Amino acid sequence: MVVTVRSMGLYGVEGYEVRAECDLSRGLPAFDVVGLPDTAVKESRERVRSAVKNCGFEFPVSRVTVNLAPADRRKEGTVYDLPILIGILMASGQVKGSFSDAAFVGELSLSGGLRPVKGMLPMAMGAKRAGVKRLFVPADNAPEATLAGGLTVYPVAHLKELAGHLTGETPIEPAPVWEPGPEEGGALDFMDVKGQEQAKRAMEIAAAGGHNLLMVGPPGAGKSMLAKRLPSILPDMTRREALEATELHSILGLTSRDHPLLTSRPFRAPHHTISAMGLSGGGTVPRPGEISLAHNGVLFLDELPEFQKDALEVLRQPLEDGRVQISRVAGTVVYPSRFMLVCAMNPCKCGWYGHPRCTCTQKSVEQYLSRLSGPLLDRIDLQVEVPALDFDELGRRRSGEPSADIRTRVNEARARQVERFGPEGPDCNAHMSQQDMQAWCGLDQAGTDMMRTAYDRMGLTARSYDRILRVARTIADLDGADSIQTIHLAEAIAYRTTAALRPTFF
């Protein structure tokens, strides 16, 4: 007798349906799992066998064959323990019923308990697309599965509970749709930052328009301090953005029962020793890297020139396309990676270029800065100097502007962009298409003359020309202006290059 039980698999960031076909036949007792299973799937035989016996059921003394269809796609992980077990119990007549609209996902312990699995949200969304109505998942995964919507999610803590539900003796209550509670306080605030008004202004512009930012300054000037406070002024995430970001974190098991949904924008700050694969993602089975985990959020690279050159060059395509493609023998996976790149660096190896205490030669300064390629710097919209603070600034007791006030202006500017582009358009100015720029970034004669002068004198490229216009449009949004004025354009141009980086170009 062949019984088919629906389950879900994961390929990249997409969930897809897997059918566990269980067959009991005559012959010597055996238990085989086919359908391109990996080691974890093959080991499910022992977990299923022990769970069946320890929960009061009988494991059939016959030849058991389980096929995970589609058989031409590699199966991995422990998510198929539960559907395999249910299929065996149904094929042996120990569980009866119709489950054509139900799917089962979960890892089994030897005692029959269900453990959480990775990637529940994308699998739940895949189940919704496949027409599944009822989804049985481990209890710890239930809050995350409810985020997909349109599904009746049953939290299962133990196999005995599931058996009672399937027989109708003790029904399991469906899990309520998870809703985020009040946000926890204690976040770092810009009011703690003394001085550095130009850098604060640049960070406000970057947050309002989703622009990339580079801070250059000596050690101890406050670059990392500013970057760590950036999440406190980032605009609120939409529901779609939150689900997209959570799917990527779910794949790596970075969600939990208490926090199944990302309610604030991701902020990833990898160490400068990270490899190119660590940034972009990869592995035998491709997994998302830091640039994908920063999707809809911020990727902060401190000590930028200290990163490996091949790791930095990995950033170029995702900064343009908003996605990263990973190709392996097993196949090609595309992960979304639309993030804000925020970088911090010293102007030279010792960090004190231009100061009497600097010990670097001009050649060593040029070698240090040459680690950053021109194409990468060309993709960074805002480049701002963060000078060392003097004693009087440090001694001031007056606090700076709080993050709540800055975030209010940022949210207002983003609201103008959403109203301008509509629900189907880009989510911020940094992602405008050429058609959007032609419609919303027009310059008057004075602005055109200013841009022509900057283009000739600064040696700008076509890419930097577009990025200046995008930044100017964001500054105009913060100012509440309908069109780009010369004052907005002048400020955008001023952020394009810093004196500390000029040795790279001259």
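We did not get these values from a lab; they are worked out from the coordinates using the rules stated. All values reported here derive from a predicted model rather than from experimental measurement. Cβ sites come from the backbone with ideal geometry, for glycine too, and all protein chains shown count toward neighbours.
Values computed for the structure shown
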{"item": "Pairwise Cα inverse-distance average, inverted: Kirkwood Rh of the range 247-295 (Å)", "result": "11.7"}
{"item": "Spread of Cα-to-Cα distances over 5 Å intervals beginning at zero, given as percent, for the range 131-270", "result": "2, 8, 14, 15, 14, 11, 9, 8, 6, 5, 4, 2, 1, 0"}
{"item": "The chain: mean projected area of Cα convex hull, nm²", "result": "27.5"}
{"item": "Isotropically averaged projected area of the range 343-496, using the convex hull of Cα atoms (one quarter of hull area), nm²", "result": "12.1"}
{"item": "Whole-Å semi-axes of the range 254-409's equivalent ellipsoid (Cα gyration tensor)", "result": "32, 24, 13"}
{"item": "Relative compactness, the range 184-253, computed as alpha-carbon Rg over 2.2 N^0.38 Å", "result": "1.31"}
{"item": "The range 79-204, Cα convex hull volume normalised per residue, Å³", "result": "160"}
{"item": "Additional length obtainable on full extension of the chain from Glu14 to Arg134, 0.36 nm per residue less Cα span", "result": "41.3 nm"}
{"item": "Fraction of the pair-distance distribution of the range 1-138 above 23 Å, Cα-Cα pairs, percent", "result": "25"}
{"item": "Gain upon complete extension [Thr408, Glu58; 0.36 nm per residue less C-alpha separation]", "result": "119.7 nm"}
{"item": "The range 150-198: translational diffusion in µm²/s, Stokes-Einstein, Kirkwood Rh over Cα pairs, 4 °C, 1.567 mPa s", "result": "84"}
{"item": "Separation in nanometres of the label points that stand 7 Å from Cα toward Cβ, at Met1 and Arg240", "result": "4.8"}
{"item": "Amide N proximity, the range 242-265 versus Val418 label position 7 Å along Cα-to-Cβ, cut-off under 18 Å", "result": "242-246, 262-265"}
{"item": "Rounded to whole Å, sorted largest first: equivalent-ellipsoid semi-axes of the range 1-54, Cα gyration tensor", "result": "23, 14, 11"}
{"item": "Signed unit charges on C-beta, dipole axis of the range 312-363, positive-most listed residue Thr361, Val333, Leu315", "result": "Thr361"}
{"item": "Of every Cα-Cα pair in the range 208-302, the percent that sits beyond 16 Å", "result": "61"}
{"item": "Three-way shape call for the range 330-411 based on the alpha-carbon gyration tensor, with the a/c threshold at 1.5", "result": "oblate"}
{"item": "Calculated log₁₀ intensity ratio I(q)/I(0) where the Debye formula runs over C-alpha points of the range 20-81, q = 0.24 Å⁻¹", "result": "-1.05"}
{"item": "Fraction of alpha-carbon pairs over 16 Å apart in the range 217-271 - percent", "result": "54"}
{"item": "Proximal charge balance of Lys118 [Cβ under 15 Å; K/R count +1, D/E count -1]", "result": "-4"}
